[in-house]
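A short worksheet on the structure shown next.
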Amino acid sequence: MGAKRGLKARLVAGAQGPTPTTDDAEVVFGGLMAVIDRVRSRAPRPAAICGVGCGGPMLSGGGSVSPLNIPAWRGFPLRPRLMAELGMPVAVDNDAKALALGEGWRGAARGSGNYLAMVVSTGVGGGIVLDDRLLDGTDGNAGHIGHVVVEPDGRMCPCGGRGCLEAEVSGPAIEATTGRPAADAGPEVRRRTGTLVGRAVASVANLLDLELAVVAGSVALGYGPAFFDAAQEEIGLRARLEFSRTTRIVPAGLGADGPLVGAAAVGRRAMVDDPTTDRTVR
Ligand SMILES: [Zn+2]
């Protein structure tokens, strides 16, 4: 992707591979390097920077990552390892924050400076852009909307809390509640999922004066209009302030390219948008 503001960006090469099923951190890293090598061999010219979107949580701008869906990586030094292997600047961020950047750059949040991007899939993650700037927080984990409480007496959450959005609407949560794969859910479950997501979005919109929420992920996109209509209805009920009642919720615009464009946007941010950030590589 192009890395300068205003430059027309396009996807020039891609590759994908399965995450190795192992508890050996180095085997997972080897799998990642194999994918990177394939992309580099297909790219027309060398990259200026490597941008990475990685599951959270993480510390120190990807200096230590512990993605919940990759148990082999606990405190894995992803950014320093990639810098050593690639010999180029590397920028790492949370994958949902990366999606937020990508959706603002090339997707459904283009033109908005105040929005939330979220994923409702195996887990529930999010990233927030406020005043044209991606929020980071103390350790870079801002935007974890999956752990906003939507049902005070709801299910236990893997985080240790109860009634978190993720504990109610993630794919595994829906399967545990209904006894069927999330994809097979009927209209009632689809609507409830939308309602609870809308409830969380309404709280965030009231708190931060957002105008838009863009939603990706197999659960949200798979449930389609039943999900989005129920979410919009709930936002209408719960976000009642003059500034928040106009908040809209829409499907993400990047589709299957979302994670890739998001990772590129992480690199772009480090190079262009935020020259003072810690993620800028020395
Ligand atoms: Zn939680």
Inter-residue pairs, beta-carbon under 7 Å, first hydroxyl-bearing (Ser, Thr, Tyr) and in region 155-170, second part of a loop (DSSP other than H, G, I, E, B) and more than 6 Å from the ligand (Cβ to nearest atom), 6+ apart: 170/122; 170/123
Within region 225-275, take every residue that is assigned to a helix (DSSP H, G or I), free of Cβ contacts under 8 Å to residues at least 40 places away in the same chain and open to solvent by 80 Å² or more (accessible area, probe 1.4 Å) and give me the one that is farthest from residue 16 (Cα to Cα). 237
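Out of 183, 176, I need the residue that is open to solvent by 70 Å² or more (accessible area, probe 1.4 Å) and part of a helix (DSSP H, G or I). Which one?
183
Which residue, of 122, 138, is within 16 Å of the ligand (Cβ to nearest atom) and either open to solvent by less than 10 Å² (accessible area, probe 1.4 Å) or in a loop (DSSP other than H, G, I, E, B) (or both)?
Criteria check complete, one pass: 122.
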Top-ranked residue in region 75-104 [being in contact (Cβ under 8 Å) with a residue 40 or more places away in the chain and of a type in the set (D, E, K, R); ranked as farthest from residue 115 (Cα to Cα)]: 85
Per-region count, region 174-198, residues within 17 Å of residue 222 (Cα to Cα) and within 16 Å of the ligand (Cβ to nearest atom): 3
Exactly one of these conditions fails for residue 117: (1) part of a helix (DSSP H, G or I); (2) of a type in the set (A, V, I, L, M, F, W, C); (3) away from the ligand (no atom under 16 Å from the Cβ); (4) open to solvent by less than 40 Å² (accessible area, probe 1.4 Å). Give me its number. (1)
Do we find that residue 212 is closer than 20 Å to residue 127 by Cβ, open to solvent by 60 Å² or more (accessible area, probe 1.4 Å) and of a type in the set (A, V, I, L, M) in this structure? no
Of all the residues that make up region 151-173, how many are charged (D, E, K, R), open to solvent by 60 Å² or more (accessible area, probe 1.4 Å) and within 13 Å of the ligand (Cβ to nearest atom)? 2
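The values are calculated or read from the model by the stated rules, or taken from the named source; none is laboratory data. Here the structure is a predicted model, which is why all the values come from computation and not from measurement. Note: ideal-geometry Cβ built from the backbone for every residue, glycine included; neighbour counts use all protein chains shown. To get the accessible areas, we keep the full protein, side chains included, count just its heavy atoms, and leave off ligands, DNA and RNA. Shrake-Rupley method; radii C 1.70, N 1.55, O 1.52, S 1.80 Å.
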